[in-house]
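Student: I have a structure here, written as structure tokens, and I will follow up with some questions on it.
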Amino acid sequence: SSPYPGNSCFVFQLSWRVPVVSMSSSSTSPTMKMLTLRGGTQMRCSQYLAGFRGGALYPTVPREGELFQPSFKGTINDLDAEYPDAKLRRTLYNDVKVCPKCSKPCAFTLMKCNSCGTDIKDVMISKSDNVFSAFLFGVKTASKGFPYTVSLRKHTVDVMIFDDMLALTPIHLNGISAKYYIPDWRFLLSDPPAARRLLEGMEEELWNVTESQYLENEAFWNYIYPAHRLKPRDVRSKVIKSFNFPPSQFQMHIQWVVPPLFPFQHHMAEIRNHFHEDRAFPFDYVMEILKLNIPYPTCIKDDTPISEIVEFYDKQGVVYKDHWHAFYEKALADSIECSNWNPEEFEYLVHDGKAHSFSSEGGCLVPKSADPSVNTADIQKKDCQLMQNYGRPYGVDGRPTGTYVKHALMPHFGPGGMQEWPGVFAEPSLWDRANLCKLFCGR
């Protein structure tokens, strides 16, 4: 049977060298910055609109293509039990902190859940299903019973592109390699030329999906974007592209976040609860490292400290802090520039964490009386369901839909299955080493 018993998450302790995610203040306070809304009305970036009620006019972009059936009619644990292989097992699970409130698997360095904001600094590291591997292998269900369908936008032999189920913007995609197992971006450093080719191909496919399925949709473009000052081609330079380390899913993925951020998510970014310094690694930063054509001098392992990698390439002239600050400030500025939300389609203005009625005075939104009965977290969740493109079209039950992939990988390494990326299996994983220590050391 599978060595990972019970549900999809279980706890273990390891001696990680984990950097604390920085939450230093922005160069400009959100209380001083202004965001221009549709019609020219302005709002402070320390506030956000909530209670979306423009659903009848809001254009969503449904997923295209056929629906396919699962290739493996079981769970990740079932697949692990049926195909017992150490390399395959490594692809099937993540090291995460599971939020006790919303159950989101979060990166193990985070102090707060980046979905609901719950404090998770004391939550133990545990194992969860690698959902992206489940997509690639065509696994039918999660251990908790829900289907592992994907809001698929494109799938080739090289890349899989799909909507992020925790969307920050109307166009929020993930791009993964459809054939290589690469746990995170650090492993690209073993072969910079091959990594550049891989990322350039993935970037081009992500932009093609963005342009052809979203920006060329006239109703979507005219509603979401301020068409009087932007053209679709202008959007490419504004895409917020990055990798997370550690990721919440251990299959390297490009976070492809096309502004504008949803109102609440822009607020979260302003207070540095998105695109975290020391966790978000800008796509352009990684590409600049790869262009040096200098492989990292030692074998990348699961526990190779990201701080040591950053320090090494800082000394080669590609300085992480410089890249991150430019990336973060540009992400905020581009979200503001692309913003076109209509305040008339929202019920509340959230100010100091409370939902207020509001009015426009002198061209600015002004909070009025607060409604203590409104749970802002519930409103945020409902707004996301109304405004996201993940899972479109929704089913008759009002819930997101998706599909399995047509050509799933076989559950092995080699022809028809997953391919090895240089250096990934040079060392045993942390989980393997923890189990070996427990077996031979009795602890």
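Student: Identify which of the listed values of percent of Cα pairs over 44 Å apart was calculated from the structure shown: (1) 11; (2) 33; (3) 15.
Tutor: Checking each listed value against the structure points to (1).
Student: Which whole-Hz couplings ³J(HN,Hα) result when phi for each residue of region 191-200 is put into the Karplus expression 6.51 cos²θ - 1.76 cosθ + 1.60, θ = phi - 60°, listed in order with x for Gly and Pro?
Tutor: With the stated coefficients, region 191-200 comes to 8, x, x, 5, 5, 4, 4, 4, 5, 4 Hz.
Student: Where does the charge balance sit around Q388 when Lys and Arg score +1, Asp and Glu -1, over other residues with C-beta under 14 Å from its C-beta?
Tutor: +3
Student: Work through the residues other than R236 whose Cβ is under 12 Å from its Cβ and net out their charges, Lys, Arg +1 and Asp, Glu -1.
Tutor: Net charge in that neighbourhood comes out at -1.
Student: Moving on to the next point. What's log10 of I(q)/I(0) for region 167-215 at q = 0.12, 0.23, 0.26, 0.31 Å⁻¹, Debye sum over Cα points only, no solvent?
Tutor: -0.32, -0.91, -1.02, -1.20
Student: How much area per residue is accessible in region 36-181 when the probe is 1.4 Å and only protein heavy atoms are counted (Å²)?
Tutor: 39
Student: Shifting gears a bit: Near the amide H of F346, under 5 Å away, which other amide H atoms are found, from residues 5 or more places off or on another chain, if H is placed in the peptide plane?
Tutor: Hits under the 5 Å cutoff: R53.
Student: Now for a different question. N208 label point, 7 Å along Cα→Cβ, cut-off 11 Å on backbone N: hits in region 141-181?
Tutor: 154-159, by backbone N distance to the label point.
Student: With only alpha-carbon atoms in the gyration tensor, what are the semi-axes of the equivalent ellipsoid for region 336-410, in Å, largest first?
Tutor: Output for region 336-410: semi-axes of 36, 16, 11 Å.
Student: Under the definition of Cα pairs under 8 Å and six or more residues apart, what whole-number percent is the relative contact order of region 268-383?
Tutor: Computed value for region 268-383: 17 percent relative contact order.
Student: Name the long-range amide H neighbours of Y48: under 5 Å, sequence gap of 5 or more, or other chain; modelled H, no Pro or chain starts.
Tutor: V350
Student: Now for a separate question. Please report how far the C-alpha centroid of region 36-105 lies from that of region 198-216, rounded to the nearest whole angstrom.
Tutor: So the separation of the two Cα centres works out to 19 Å.
Student: So what is the 222 nm mean residue ellipticity for the chain from helices alone, if each DSSP H run of at least 4 adds -39500 (n - 2.57) and you divide by all residues, rounding to the nearest 500 deg cm²/dmol?
Tutor: Result for the chain: -7500 deg cm²/dmol, rounded to the nearest 500.
Student: Quick check on region 64-137: what are the equivalent-ellipsoid semi-axes from the Cα gyration tensor, as sqrt(5λ), descending, whole Å?
Tutor: 27, 17, 9
Student: Follow-up. What distance in nm separates the simple spin-label points at A194 and K291, each placed 7 Å from Cα in the Cβ direction?
Tutor: 2.3
Student: With the crude spin-label approximation of a point 7 Å out along Cα→Cβ, what separation in nm comes out for L386 versus Q419?
Tutor: About 4.5 nm separates the two model spin labels.
Student: Same structure, new question: Hey, got the dipole for the chain? About the Cα centre, +1 on K and R Cβ, -1 on D and E Cβ, debye to the nearest 20?
Tutor: That gives a dipole near 540 debye.
Student: What list of ³J(HN,Hα) couplings, whole Hz, do you get for region 71-81 from phi and the Karplus terms 6.51, -1.76, 1.60, once you set θ to phi - 60° and write x for glycine and proline?
Tutor: Going residue by residue, I get 8, 10, 8, x, 9, 4, 4, 5, 5, 4, 6 Hz, with x marking Gly and Pro.
Student: Using per-residue counts of other Cβ atoms within 10 Å, averaged over each peptide, order 374-383, 75-84 from highest down.
Tutor: Put in order of decreasing packing, that is 75-84, 374-383.
Student: Quote the relative contact order of region 100-245 in percent (integer), defining contacts as alpha-carbon pairs under 8 Å separated by 6+ residues.
Tutor: 12
Student: Would you grab the residues whose amide H sits under 5 Å from the one on Y181? Only those 5+ places off in sequence or on another chain, please, with H modelled 1.01 Å from N.
Tutor: Q419, W421
Student: How are the Cα pair distances of region 200-244 distributed, in percent, across 10 Å bins from 0?
Tutor: 23, 55, 20, 1
Student: Give me the orientation-averaged projected area of the Cα convex hull of region 385-424, in nm², one decimal.
Tutor: About 5.1 nm², averaged over all directions.
Student: Counting Lys +1, Arg +1, Asp -1, Glu -1, what net charge surrounds S71 among other residues with beta carbon under 11 Å of its beta carbon?
Tutor: Here the charged neighbours net out to +3.
Student: Pop out the carbon and sulfur fraction of the accessible area of the chain as a percent, whole number, probe 1.4 Å.
Tutor: 52
Student: Give the relative contact order (percent, whole number) for the chain; include only Cα pairs under 8 Å separated by 6+ residues.
Tutor: RCO, the chain: 26 percent.
Student: Can you compute the radius of gyration and Dmax for region 276-354, using only the Cα atoms, both in Å?
Tutor: 18.6, 57
Student: Okay, next question. Given 4 °C and 1.567 mPa s, how large is the Stokes-Einstein diffusion coefficient of region 97-200 in µm²/s, with Rh as the Kirkwood radius over Cα pairs?
Tutor: 82
Student: In Å², what does the accessible area per residue of region 305-402 work out to with a 1.4 Å probe?
Tutor: Per-residue accessible area for region 305-402 comes out at 50 Å².
Student: Any idea what the alpha-carbon Rg over 2.2 N^0.38 Å comes to for region 28-173?
Tutor: Scaled against compact globular proteins, the figure is 1.35.
Student: Same structure again: Dividing the convex hull volume of the Cα atoms of region 215-265 by its residue count, what figure in Å³ per residue is obtained?
Tutor: 113
Student: Write down, largest first, the equivalent ellipsoid semi-axes of region 112-267 in whole Å, where each equals the square root of 5 times an eigenvalue of the alpha-carbon gyration tensor.
Tutor: 27, 21, 16
Student: May I ask you to evaluate 6.51 cos²θ - 1.76 cosθ + 1.60, the Karplus curve with θ = phi - 60°, for each residue of region 345-350 and list the ³J(HN,Hα) values in order in whole Hz, giving x for glycine and proline?
Tutor: Rounded to whole hertz, the list is 9, 10, 8, 10, 10, 8.
The values are calculated or read from the model by the stated rules, or taken from the named source; none is laboratory data. What you see is a predicted model; the values in this text were computed from it and never measured. Heads up, the Cβs are rebuilt from the backbone with ideal geometry, glycines too, and the neighbour counts pull from every protein chain shown. Side chains included, ligands, DNA and RNA excluded: accessible areas come from the protein's heavy atoms. Shrake-Rupley method; radii C 1.70, N 1.55, O 1.52, S 1.80 Å.
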